[in-house]
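First up is the structure itself, then whatever we jot down about it.
The values are calculated or read from the model by the stated rules, or taken from the named source; none is laboratory data. Please read these numbers as outputs of a predicted model, since none were measured by experiment. Because the Cβ atoms are built from the backbone with ideal geometry, glycine has one as well, and the counts that use them run over all protein chains shown. Accessible surface is based on the protein model in full, side chains and every heavy atom, while ligands, DNA and RNA are left aside. Shrake-Rupley method; radii C 1.70, N 1.55, O 1.52, S 1.80 Å.
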Amino acid sequence: MTQCLFCRIIKKEIPGRVVYEDDAIVAFEDINPQAPVHILVVPRKHIDSLMNLTKEDKELMGSLFLVANGLAKTHNLTPSGFRTVINTGSGGGQTVYHLHVHLLGGRQMTWPPG
Ligand code: 5GP
Ligand code: ZN
């Protein structure tokens, strides 16, 4: 998946403002932030979208949210709160087809989302 934008950021072929990485996950700042804090939490493994999740990704999905939890703390998003979002497919607003969790915070979120 060398054509995939996020795979290329993960491999450091394209620059990204990385705020966290371990052997399974990389997190970097969104290039077009929708909130004062807008971080993308991304598995190193290329998975197109939540539609393509398999049972073998069970632990990985837990790790993604634990990383989001840790980043929310280090970015002072608690206790005020924050939002995590996974857009899935074109109807869900997904534009980059490498699974990622948006971590958004630092402003009041509204509901429903657009
Ligand atoms: P999606 O729309 O798929 O849920 O989210 C994709 C996100 O990737 C968008 O918020 C968009 O701003 C971000 N994005 C697109 N291209 C780049 C890029 O080259 N670098 C970074 N850091 N983020 C990007
Ligand atoms: Zn990818």
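See the values below:
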quantity: Accessible area of the chain belonging to carbon and sulfur atoms, whole % at 1.4 Å probe; calculated: 55 percent
quantity: Alpha-carbon gyration tensor eigenvalues x 5, square-rooted, for the chain, Å; calculated: 21, 16, 15
quantity: Scattering curve values for the stretch 20-76, log₁₀ I(q)/I(0), Debye with Cα scatterers, q = 0.16, 0.18 Å⁻¹; calculated: -0.52, -0.65
quantity: Stretch gain in nm, segment Met51-Asn32, where the contour uses 0.36 nm per residue and the Cα spacing is subtracted; calculated: 4.4 nm
quantity: For the chain, calculated [θ]222 nm from helices alone, where every DSSP H run of n ≥ 4 adds -39500 (n - 2.57); calculated: -6000 deg cm²/dmol
quantity: Per residue solvent-accessible surface (Å²) - the chain, probe of 1.4 Å; calculated: 62 Å²
quantity: Cut-off 17 Å (backbone N to label point 7 Å along Cα→Cβ of Thr84), residues of the stretch 91-114; calculated: 99-106
quantity: Table column - 3J(HN,Hα) (Hz), the stretch 92-105, Karplus curve with 6.51, -1.76, 1.60, x for Gly and Pro; calculated: x, x, 6, 10, 10, 8, 9, 2, 7, 9, 7, 10, 10, x
